[in-house]
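K.L.:
Got a structure here, written out as structure tokens. Questions coming.
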Amino acid sequence: SPFRPLSEVRSMREVRSMRLSHFLARSPSVIKTESFRVFISTWNVGGNTPTAELNLDDFIPADDHSDIYVLGFQEIVPLNAGNVLVIEDNEPAARWLALINRTLNRTVDGDADIFCHKPSLSLDSTSSRSSSNLDASFSNRSGSAIFQSSLKSIRKPYMPTQRKLLKICNCSVEMPRKSYKDACFGCPQAHINETDSSEEDEVDDRSNNASGYVVDGVISSASASSDQLKYNLVSCKRMVGIFVTVWAKKELVPHIGHVRTSCVGRGVMGYLGNKGCISVSMTLHQTSFCFICSHLASGEKEGDELRRNSDVLEILRATQFPRICRRAGQRIPEKIIDHDRVIWLGDLNYRISLSYEDTKKLLTENNWDALFQKDQLNTERDSGRVFRDWSEEKIYFAPTYKYTFNSDSYSGETATSKKKRRTPAWCDRILWHGDGIAQSSYFRGESKFSDHRPVCGSFTVEVYLLDGKSKRRTSNTNIRIGAEELLPTSKNKFT
């Protein structure tokens, strides 16, 4: 089996961790496991804004039918001073969401286009009319409400109708849940992430009516039939050029909860968002997941890899997810490493420690093993300086950076690109941490849209489920605990 057995003896450090699975493991008879497929893609798009003609098959293969998709981007806007310090331009994020939705939800019940009942709003990739509609919906930049509205209002049409339930504690409780306060029994520590307040949702509802330019255009085509979509948007977050989205099959959405995000800036002055990460935490049934989408320090000078190591260590240290609820016998992770299943994706920017000429020679020979021996991430991991105890599948594809735009040639191979020469490198990577994860594929796409090639990975993950009897026992226990938590104590006085 590709999985580590659940009965494997763990170190005392792991036993002391806050992983949800360790608490469940105390009563192994009350849980079972089920396998789900998770697809991961990362792409540095070089500040380029997509048009409707862009085909995402190199980013989301048409023949893939995973249960969960985690799709991360870097540089969805140019990393200039205006975008880093001043402007929040949501046009690129809105376009990427529309394209991803079109790709994942292209058919329902055979090959029928889910938007065929609204041909003027169609997102069919084979239709030139739909392409012009998508472009037209974003064309009038000046004065358009989309660029002043929040990402929350832009993402809303792709999310499930009961999207607020994703943000709350969904531990097994056999009682109706109307709000996060009900779900957590009024626990004083229970709260929603600052980006997820119901008050802001109400504001967005009003702003959507005022900014029908987007919501009544292409994007709202998803909203009109959200119950018919095969995949729903579960989480979506942007920090300057870093952008991450998580999508799940509609039937899985009721079993997803505790969705939280955390951002760590590592750019200008060590904290601005042109570099850094966005992390997404969530639970599926009784298993916790964390997905980290990052863009680390650039540079191919000797010693630049140490800056990237520092970024990783600071991200692991500084990432903190808000506490949603506190319940005896169960803890929701607040740090990256405390999650049961962790996947890290992004432009990690690690280079190959060889000259341009030596690298090119090995490239022409397809000698991936010799190149990988000089890969900085590989050597830094082997030395224990970074990503210790993390795993990465063996690489059998060419370096993904740096290409001449709209070309299969690496930058520097032609006379016009020599001054922009970079030694080819595997900058774009996917790593994972934790038990119960098996990677089945690791490959790159061949889209020429950017100077990077997208990198993708398919995973099978084990997820813990409570059986029916366990759920009833857990419900009764939680109701009792919830009632006790409502009683005032010396540490918790009602005001």
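K.L.:
Inside the range 377-401, can you point out the residues that are over 19 Å from PHE443 (Cα atoms) and either small (Gly, Ala, Ser) or surrounded by 14 or more Cβ atoms within 10 Å (Cβ to Cβ) (or both)? Step through it out loud before you land on a result.
P.N.:
If we filter the range 377-401 for residues that are over 19 Å from PHE443 (Cα atoms), which is where we start, we get 379-389.
Selection gives THR379, GLU380, ARG381, SER383, GLY384, ARG385, VAL386, PHE387.
K.L.:
On to the next question. Assess whether GLU53 counts as being touching a helix residue (DSSP H, G or I) at 6+ places or on another chain (Cβ under 6 Å) and either at pLDDT 95 or above or surrounded by fewer than 19 Cβ atoms within 10 Å (Cβ to Cβ) (or both). It would help to see each step written out before you state the result.
P.N.:
Working: touching a helix residue (DSSP H, G or I) at 6+ places or on another chain (Cβ under 6 Å): yes; either at pLDDT 95 or above or surrounded by fewer than 19 Cβ atoms within 10 Å (Cβ to Cβ) (or both): yes.
Spelling it out, GLU53 is indeed touching a helix residue (DSSP H, G or I) at 6+ places or on another chain (Cβ under 6 Å) and either at pLDDT 95 or above or surrounded by fewer than 19 Cβ atoms within 10 Å (Cβ to Cβ) (or both).
K.L.:
I've got another one for you. It is to be established whether one or more residues within the range 73-90 are modelled with pLDDT under 50, part of a loop (DSSP other than H, G, I, E, B) and surrounded by fewer than 19 Cβ atoms within 10 Å (Cβ to Cβ).
P.N.:
Restricting attention to the range 73-90, the residues satisfying the condition of being modelled with pLDDT under 50 are none.
No: the range 73-90 contains no residue that is modelled with pLDDT under 50, part of a loop (DSSP other than H, G, I, E, B) and surrounded by fewer than 19 Cβ atoms within 10 Å (Cβ to Cβ).
K.L.:
Could you check GLY273 against (1) more than 9 Å from the chain's Cα centre (by Cα); (2) assigned to a strand (DSSP E or B) and say which number it fails?
P.N.:
Looking at each condition in turn, GLY273 falls short on (2).
K.L.:
Which one is surrounded by the most Cβ atoms within 10 Å (Cβ to Cβ), of the residues in the range 240-288 that are in contact (Cβ under 8 Å) with a residue 40 or more places away in the chain and of a type in the set (Phe, Trp, Tyr)?
P.N.:
TRP247
K.L.:
When you scan the range 420-430, how many residues do you find that are closer than 19 Å to HIS295 by Cα and either surrounded by fewer than 22 Cβ atoms within 10 Å (Cβ to Cβ) or among the charged types (D, E, K, R) (or both)? Explain how you work it out, then say what you get.
P.N.:
Looking only at the range 420-430, we keep the residues that are closer than 19 Å to HIS295 by Cα, and these are 422-430.
Now restrict to residues that are either surrounded by fewer than 22 Cβ atoms within 10 Å (Cβ to Cβ) or among the charged types (D, E, K, R) (or both): 422-423, 428-429.
Adding up the residues that qualify gives 4.
K.L.:
Restricting attention to the range 433-461, which residues are touching a Lys or Arg at 6+ places or on another chain (Cβ under 9 Å), within 16 Å of CYS290 (Cβ to Cβ) and surrounded by 22 or more Cβ atoms within 10 Å (Cβ to Cβ)? First the steps, then the outcome.
P.N.:
As a first pass, look at the range 433-461 and keep what is touching a Lys or Arg at 6+ places or on another chain (Cβ under 9 Å): 433-437, 440, 442, 444-447, 451-456, 458-461.
Pick out the ones that are also within 16 Å of CYS290 (Cβ to Cβ) and you get 433-437, 459, 461.
Result: GLY434, PHE459, VAL461.
K.L.:
So for the range 268-284 (the condition being in contact with a Lys or Arg (Cβ under 9 Å, 6 or more places away or on another chain) and at positive phi), does at least one residue qualify?
P.N.:
yes
K.L.:
Is it the case that some residue within the range 340-363 is over 18 Å from ASN378 (Cβ atoms), touching a strand residue (DSSP E or B) at 6+ places or on another chain (Cβ under 6 Å), part of a loop (DSSP other than H, G, I, E, B) and of a type outside the set (Asp, Glu)?
P.N.:
No, the range 340-363 has no match at all.
K.L.:
Then there's this: Report whether or not ILE395 is among the hydrophobic types (A, V, I, L, M, F, W, C) and at pLDDT below 95.
P.N.:
Working: among the hydrophobic types (A, V, I, L, M, F, W, C): yes; at pLDDT below 95: no.
Considered against the rule, which asks whether it is among the hydrophobic types (A, V, I, L, M, F, W, C) and at pLDDT below 95, ILE395 comes out as no.
K.L.:
Still on this model: I'd like to verify a number: residues in the range 292-324 that are touching a Leu at 6+ places or on another chain (Cβ under 9 Å), in a helix (DSSP H, G or I) and either of a type in the set (A, V, I, L, M, F, W, C) or within 22 Å of LYS237 (Cα to Cα) (or both), how many?
P.N.:
So the count comes out to 3.
K.L.:
On to the next question. What residue, of ARG385, ARG381, is under 18 Å from ASN309 (Cα atoms), in a loop (DSSP other than H, G, I, E, B), among the charged types (D, E, K, R) and within 29 Å of the chain's Cα centre (by Cα)? It would help to see each step written out before you state the result.
P.N.:
Values: ARG381 fails: in a loop (DSSP other than H, G, I, E, B).
None of the other options fit; the residue is ARG385.
K.L.:
Right, here's the next one. Which members of the range 437-484 meet the condition of being closer than 26 Å to ARG341 by Cβ, modelled with pLDDT of 95 or more and among the polar types (S, T, N, Q)?
P.N.:
Hits for the range 437-484 are GLN439, SER440, SER441, SER458, THR460.
K.L.:
Let me ask something additional. Condition first: at pLDDT below 95 and more than 25 Å from the chain's Cα centre (by Cα). Can you find one or more residues in the range 91-108 that meet it?
P.N.:
No, the range 91-108 contains no residue that is at pLDDT below 95 and more than 25 Å from the chain's Cα centre (by Cα).
The values are calculated or read from the model by the stated rules, or taken from the named source; none is laboratory data. Values in this document were obtained by computation on a predicted structure and should not be read as measured data. Methodologically, a virtual Cβ is constructed for each residue, glycine included, from the backbone with ideal geometry; neighbour enumeration extends over all protein chains shown.
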